[in-house]
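See below for the structure under consideration.
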Amino acid sequence: MNKSIKKQLSGTALSQVKRWDLLMKETLSFLQTNKSLVRSIFMKMQLISFILCFCLMQVVAKSNAQTFNIKGDNLKLSQIFDQISEQGNYDILYNSKDISKASPVSINMSNVSLETLLKSTLKNQPFEYQIKNKTIVIKAVDELDVQQRISGRILDENGKPLAGAGISAIGSNIQTASDQDGYFQLANVPSSVKKLQITYVGMEKLILNIQADMGRIIMRSSSSELDEVMIHTGYQSLPKERSTGAFDVISGKRLEGKLQTNVLERLEGMAPGLMLINGKDTGGDALTIRGVSTLFGTARPLIVVDNFPIEGDINSINPNDVASISVLKDAAAASIWGARAANGVIVITTKRGSKGTAQFQYSNSFQFEAKPNIDYLNRLGAAEDIAIESLLVPRTAQFEQNTRLRGREVSKFTQLLMDSLTGRISVDDFNKQVNWLSKQDNSQQIKDLLMQGAFLQNHSLALNGASDRFRYYSSLNFTDRRGSNLKERSKNYSVFLKTSVDLTSKLQFAISSNFTFGNGTQAPVQALDIFRLKPYDLLQDDQGNPLAMNRAAGSSGQSSSNIYSINQRKAWGLDDESYFPLLEMDRTDITNRNSSNRIQAELVYKLESGIGFNVSYQLEKGNSYLRNYAHPNQANLVKQINDYVTPILGNNNEVMVNPDGTLLTPIFNIPQGGKLDETRLDYNSHVIRGWMDFNKTFQDHQISAILGLENQQVKSSGSQLTKYGYDDNSLNFIQLDHQRLQEVTPILQTLTGVRTEFSVSDAFRYTENRFVSAFANASYTYKSKYTYSGSIRMDQTNLFGTDKKYRYAPMWSSGLSWNLAKEDFIKDIPTINEFKIRATYGINGNIPKNSGPFMIAEAGINYLSFLPSLLVTTPRNDGLRWERTAVTNIGLDLTLFDYRVRFKGDYYLRRSSDLLGDEQINPTYGFESAQLNTASMNNDGFELQLTTQNIKNKDFGWTSTLMFAQNRNKITKVHQGTRFSNPRAIAAGSPFFEGKPYGALYSFRYGGLSPDKGQLQVLNERGEIEPNQLSSNLELAYYSGNRRPISNGAIGNNFRYKSFELDFMFVFYLGHLMRQNMPDALFGIYSMDGRLADAWKKPGDEANTIIPNVVLDNANYYTYTYYRNFLDVNVFDADYAKLRELILTYNLPIEVLGKQRTIKSLQINLQGRNLWTLRKNKEGIDPESFSGGARTLPVSPTYAFGLNLTF
């Protein structure tokens, strides 16, 4: 049977474009006029996507399972093809004349696949076949030019089968891919073809001489990404050799061995120019690409997942699902994202199904951390603490009286001292108890009773497969994390489904869904908070009974309390507000839950002329919920209730009591019972995008272009509510009378009768941002040597001002690249494999969100009238526009010595203008200053990456990688805001000054200690001792350096020996400074800094110490109080390097697995993280465990083991 199929394209390509443009306009109009209907439809897409994904996967299974039954002797090929067509509904195209000459075939096959049947039918026949969708093409091959079929097996250097490796016969169109076990076959290869090419992402390309039996073919890991790797911009995918921009592509294989559950944290040390402060994605400016280019706007790069920006939590992305990550750094690479691309773009592409039968992959990891070493915090011991406090506590009756009157919190030592001075205890008892206190240390109790070793376990199961028409990938992921504080735990679950189907040879539909949900509990008592208290404050006695601690009350708007005020209230019959840390663990329940859901759908239509049309859509919905329930006996709640009790007063305003001393009919203005705090956040966003693309190659010319429209809307809403008198069983609560609370005379709150404001925490918020964009991108390549690229995008948003001249300025880029390696004068040089020069220029944008075209106000309750009110916080800004960053980039890519040496370098200039900055305005508008688009900033830097294969043979390999990046930032224009009108504000804050960088550190000049009393001295700009006074002289504070690292990078090495691999990576951060606070000596409840042991004690000590006398001379009050924490003598070099990762991997050899076909590969790994730190400072401070001028809990080493199993 000879079938022919003819299809005619209706209309011309131009008419298709016009119809497409009309369709997009009608679609957008429909969405705007039928918002409620559209919203209802899309809310149901979550369930539909689940059902559709599973149905498509079932179709895949059914398609893969289709079998054929053919029996007969001496059958003609045409007869066999007829039966195949009838049983499988296939169209079979062939030349009848050629088929009639074929030898007859005797066949007896039942329940076999199509490929098995065709291979058997055409065995030793001068024909080859191709299957495309439901069409089979049979082609004749000259009998004199046919050889035996080629077969073999593709493995990596550890013997692991490589599924999906590309195998092609050079000089022909014959190609295939390896199956899930690494096997492949090529039939009827012409004898004129002598070479076979094998490629696999992340592996070195192989070109081999053809043999009938190729045997086991071992592929080696590439030291860098291969030429064939694709750069994903979020709108299109481009081959590396046709790009002009600055980018880095990190394959999923390179991310596999890392421990972090946040996929962005796995990028540290993987891309030069990407900086992750302390290795943690904590938000704000912690993660940056090529520095910070804004003062008040968003500094974080745009995060794109499967071609769409992600608005939800990045932790919803399972790192095991990531196929590759493209980091776009310059204008040419990122400008397609327009007004959101100034900070760079990180494009995450998830995995899709691999061709072949269904394959499962299971992986797990178990991570362990020791309890943090709290001794790193450098706290004074109990004896030294008591010795210093004894010098500070006033030994007067007035002090004791004021302590009782004001309820001031005091330490146990001070309490004993007052009891001794007033005769409540004897001197011997005082000495005996103080001696006992001086020998105590609560460190071990804190470790044993409030801390635990952190632990994390992760389990991931993935299923993937594909046929000619279908691809599917799905995964389940579970993460269980336990923190270092007791009751600190979280669990997260995620489901990911991704599938695509070729509806016709030209029409493809794809859909994916990602659903993540989690819950957790937080620690009611933080170990660090308790450690900050006195070292002799024990958690329990020798019998295990909980002990109370003196501490400041925890709730805002409360006064402090001590043992005297607590006992007085107990005598009045009020509840005990003593703070027992061990009991508080069960008196507060802090829980949270969250969910993040994302659905994407795409419809692609391709024409034979190289023109394609694409419509894609993303819907994101998520929420978070934080619940803090205080039981009725929680210390903070009890104190707050007691503070607002109104007693009956006598004629002389004395508190009236019953005969037993309890209050006479007290009025509880805050109801007794529990307290519930709830915080809720919901968000949803949708993006619809449509574009036309054109890809054409003819002779020496390659053209790619896209043109499209995009509409995005992001909404978020939240609420915060507090309910008193709450019962967790009946869910009842008592409504507060806030006005009455403001009028209550708080006689019991502080015995002085001073009222503290009762805060109103109830609040609601709502934001909505809308974007409409038009974009275009094009590139042209000539002879694979010269490439030009251009991009333009115009964004409109409700965030911009109303002035039209600022609303239509486009973002654009232009770039050139020259592939010198293909030039005749270089291509014959054997040592040069790749040599490309790149140059780009363009303008990207950043959308500010802390100003608006209209006045911005906060709703609240007026503290005088107790009525609803609005506080205008930001004036109207008609000229508000996006911040612009012009980027110039020059790059070089060089590969030498058979790809064993790879170098990449980039130099860039970033010029940011129209930045939001503080500016003085007409005060008659009601504001002295406002944030306007008047500031500017420069970022200049370079990036280097060098990878070398030092040793490369069958059993042993050694690869080294060095990454280094430097960024120098300078603010070129900014107005000095009123917030920094005095030197202390400058030194204490993060000021912006012209000529200085973002993150500048300002300090006061240390003038030594006074020789007579050991008091602090500060120098002015002339080197003279500054008088003890408040000064407005801004020159007192001078620029000390940059808080942010100027340079960062990584050094990595990979050693391979047979089935073992050892990887280690050092990361380093250079060129920045930090500053310690001067240790403070104050009597009270808090412990003291260990550096006070070296404090000045007598004349002459000033030559050997910088720590002032613990006894403050009132004549030095201002110098000590206002300047002591900002002295240059406490500035230290924060440069450091850290052994971030050490990974040992064992891949079970394929020979050990034997002939069984169930287990395809097994990998076992042992890992260590943060194992060693090399620091430049002499203070012994780890810069990653330092914040706010003080040490924080140290980073503990992490140890882990896990396995990866494919079956």
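The values are calculated or read from the model by the stated rules, or taken from the named source; none is laboratory data. Note that this is a predicted model, so its numbers are computed, not measured. Using ideal geometry, Cβ is built from the backbone for each residue, glycine included, and neighbour counts are taken over all protein chains shown.
Of the strands (runs of 3 or more DSSP E) that lie entirely inside the stretch 218-332, those containing 2 or more residues that are among the aliphatic types (A, V, I, L, M) and over 30 Å from Lys785 (Cα atoms) span 274-276, 302-305. If you filter the stretch 1007-1024 down to residues that are surrounded by 13 or more Cβ atoms within 10 Å (Cβ to Cβ) and either out of contact with any Asp or Glu (no Cβ under 9 Å at 6 or more places or on another chain) or β-branched (Val, Ile, Thr) (or both), you find that the one that is farthest from Lys1098 (Cα to Cα) is Val1018. In the stretch 397-411, the residues that are farther than 13 Å from Ala552 by Cα form Cβ pairs under 8 Å with partners that are part of a helix (DSSP H, G or I) and not hydroxyl-bearing (Ser, Thr, Tyr), at six or more places apart or across chains, as follows: Ala397/Leu421; Phe399/Met418; Glu400/Met418; Glu400/Leu421; Thr403/Met418. State whether one or more residues within the stretch 837-845 are at pLDDT below 75 and aromatic (Phe, Trp, Tyr). Scanning the stretch 837-845 turns up no residue that is at pLDDT below 75 and aromatic (Phe, Trp, Tyr). Among the residues of the stretch 974-983, not a single one is more than 16 Å from Tyr1120 (Cα to Cα), among the β-branched types (Val, Ile, Thr) and modelled with pLDDT of 95 or more. Selection of the stretch 1060-1093 for residues being surrounded by fewer than 20 Cβ atoms within 10 Å (Cβ to Cβ), farther than 30 Å from Leu416 by Cβ and over 26 Å from the mean Cα position of the chain (by Cα) yields Phe1060, Leu1062. For the stretch 348-387, a residue qualifies if it is within 28 Å of the chain's Cα centre (by Cα), among the small types (Gly, Ala, Ser) and either assigned to a helix (DSSP H, G or I) or more than 30 Å from Val249 (Cα to Cα) (or both), and exactly one does: Ala370.
Of all residues in the stretch 917-964, those satisfying the criterion of being surrounded by 15 or more Cβ atoms within 10 Å (Cβ to Cβ) and acidic (Asp, Glu) are Asp918, Glu919, Asp940, Glu943. The number of residues in the stretch 1155-1171 that are surrounded by 17 or more Cβ atoms within 10 Å (Cβ to Cβ) and closer than 15 Å to Leu162 by Cα comes to 4. In the stretch 76-103, the residues that are within 20 Å of Thr116 (Cβ to Cβ) and in the same structural domain as Gln130 (by TED's automatic domain parsing) reach residues that are surrounded by 15 or more Cβ atoms within 10 Å (Cβ to Cβ) and small (Gly, Ala, Ser) with C-beta atoms within less than 6 angstrom, at least six apart or across chains, in these pairs: Leu77/Ala102; Ile92/Ser85.
Taken over the stretch 174-220, the criterion of being modelled with pLDDT under 80 and in contact with a helix residue (DSSP H, G or I) (Cβ under 8 Å, 6 or more places away or on another chain) is satisfied by Ala187, Pro190, Ser191, Ser192, Val201, Gly202.
Condition check ((1) within 31 Å of the chain's Cα centre (by Cα); (2) farther than 16 Å from Ser1010 by Cα; (3) touching a residue at least 40 places away in the same chain (Cβ under 8 Å); (4) surrounded by fewer than 21 Cβ atoms within 10 Å (Cβ to Cβ)) across all residues:
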| position | (1), (2), (3), (4) |
| --- | --- |
| Ala1095 | no, no, yes, no |
| Ile1106 | no, no, yes, yes |
| Asn1109 | no, no, yes, no |
| Tyr1118 | no, no, yes, yes |
| Leu1127 | no, no, yes, no |
| Leu1142 | yes, yes, yes, yes |
| Tyr1146 | yes, yes, yes, yes |
| Leu1153 | no, yes, no, yes |
| Thr1173 | yes, yes, no, yes |
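Every residue, every condition in (1) under 11 Å from the mean Cα position of the chain (by Cα); (2) more than 22 Å from Leu1142 (Cβ to Cβ), yes or no:
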{"residue": "Thr244", "(1), (2)": "no, yes"}
{"residue": "Ile250", "(1), (2)": "no, no"}
{"residue": "Lys253", "(1), (2)": "no, no"}
{"residue": "Val263", "(1), (2)": "yes, no"}
{"residue": "Asn278", "(1), (2)": "no, no"}
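Restricting attention to the stretch 949-987, the residues that are part of a helix (DSSP H, G or I) and touching a helix residue (DSSP H, G or I) at 6+ places or on another chain (Cβ under 9 Å) total 7.
Results for (1) modelled with pLDDT of 90 or more; (2) surrounded by 24 or more Cβ atoms within 10 Å (Cβ to Cβ); (3) at positive phi, shown as yes or no for each residue.
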residue	(1), (2), (3)
Gly252	no, no, no
Gly257	no, no, no
Pro272	yes, yes, no
Leu276	yes, no, no
Ala286	yes, no, no
Val305	yes, yes, no
Val327	yes, yes, no
Trp337	no, yes, no
Val347	yes, yes, no
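A Cβ distance below 7 Å, combined with a sequence gap of six or more or placement on separate chains, defines the contacts here; from the stretch 961-976, residues that are more than 21 Å from Asp330 (Cβ to Cβ) and touching a residue at least 60 places away in the same chain (Cβ under 8 Å) reach residues that are part of a strand (DSSP E or B) and not small (Gly, Ala, Ser) in the pairs Thr961/Thr947; Leu962/Leu946; Leu962/Ile1051; Ile971/Met937. Ala553 meets the conditions (1) at pLDDT below 95; (2) surrounded by 16 or more Cβ atoms within 10 Å (Cβ to Cβ); (3) within 30 Å of Thr135 (Cβ to Cβ) in every case but one. The failed one is (3). Summed over the stretch 645-665, residues that are modelled with pLDDT of 90 or more, out of contact with any strand residue (DSSP E or B) (no Cβ under 9 Å at 6 or more places or on another chain) and either surrounded by 11 or more Cβ atoms within 10 Å (Cβ to Cβ) or within 15 Å of Gln568 (Cβ to Cβ) (or both) total 4.
Evaluated against (1) in contact with a Leu (Cβ under 8 Å, 6 or more places away or on another chain); (2) modelled with pLDDT of 90 or more; (3) crowded, with 16+ Cβ neighbours inside 10 Å; (4) of a type in the set (Gly, Ala, Ser), Ser578 falls short on exactly one condition, (1). For the stretch 503-533, a tally of residues being of a type in the set (A, V, I, L, M), in contact with a strand residue (DSSP E or B) (Cβ under 7 Å, 6 or more places away or on another chain) and more than 22 Å from Asp321 (Cα to Cα) returns 5.
Within the stretch 760-800, the residues that satisfy the criterion of being surrounded by 18 or more Cβ atoms within 10 Å (Cβ to Cβ) and outside any strand (DSSP E or B) are Leu799, Phe800. Look through the stretch 590-603, keep the residues that are aliphatic (A, V, I, L, M) and within 15 Å of Asp306 (Cα to Cα), and return whichever of them is surrounded by the most Cβ atoms within 10 Å (Cβ to Cβ). Here the residue is Ile599. When the stretch 822-840 is filtered for residues that are in contact (Cβ under 8 Å) with a residue 60 or more places away in the chain and surrounded by 15 or more Cβ atoms within 10 Å (Cβ to Cβ), the ones remaining, listed by number, are Ile832, Asn833, Glu834, Phe835, Lys836, Arg838, Ala839, Thr840. Of the residues making up the stretch 450-486, those that are of a type in the set (D, E, K, R) and either free of Cβ contacts under 8 Å to residues at least 40 places away in the same chain or buried (at least 20 other Cβ atoms within 10 Å of the Cβ) (or both) are Arg471, Asp480, Arg482. Pairs linking a residue in the stretch 684-698 that is among the small types (Gly, Ala, Ser) to a residue that is buried (at least 17 other Cβ atoms within 10 Å of the Cβ), with Cβ atoms under 6 Å and 6 or more positions apart or on different chains, are Ser685/Glu311; Ser685/Glu620; Ser685/Val714; Gly690/Met24; Gly690/Val615; Gly690/Gly708; Gly690/Leu709.
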